[in-house]
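Undergrad: Just passing along the structure, written as structure tokens.
The values are calculated or read from the model by the stated rules, or taken from the named source; none is laboratory data. The structure presented is a predicted model; accordingly, all values stated were derived computationally and were not measured. These area figures cover heavy atoms from the full protein model, side chains too; ligands, DNA and RNA do not enter into them. Shrake-Rupley method; radii C 1.70, N 1.55, O 1.52, S 1.80 Å.
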Amino acid sequence: RRKLRPGSGGEKPPEEPPFTYQLKAVPLKFVKEMKDIVLKEAESVGSSAIFEVLISPSTAITSWMKDESPKHKFIADGKDRKLHIIDVQLSDAGEYTCVLRLGNKEKTSTAKLIVEGIP
């Protein structure tokens, strides 16, 4: 039986204790950021708007910021998180932020709901 000499197959990789890869922290991130939503006033009132983000990892906690009211519905499905604004009114226009938290790390994604008035 031929024994390979250490280093005979190119550079020897640096010594790494086994299983370290399991301990590497998954980076907290928005895989897909929020996007602005533009609605025309004429068609927007009574319709709905959905802000959506894709996050990683799915264990992160999301919260949504604006003047939260019961008509806002939060949808979480694995890495897919949505803020559903039902029955859009002019007062819903503004900046919305999704806050992503995991341990002591935090990331935010912000987008606007723009309701354009009729000229």
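Undergrad: Which value, in Å² rounded to 10, gives the accessible area of Glu41 with a 1.4 Å probe and all protein chains present?
TA: 60 Å²
Undergrad: Now for a different question. Report the Cα-based extents of region 29-116 along its three principal axes, largest first, to the nearest Å.
TA: Computed over the Cα atoms, the extents are 42, 20, 19 Å.
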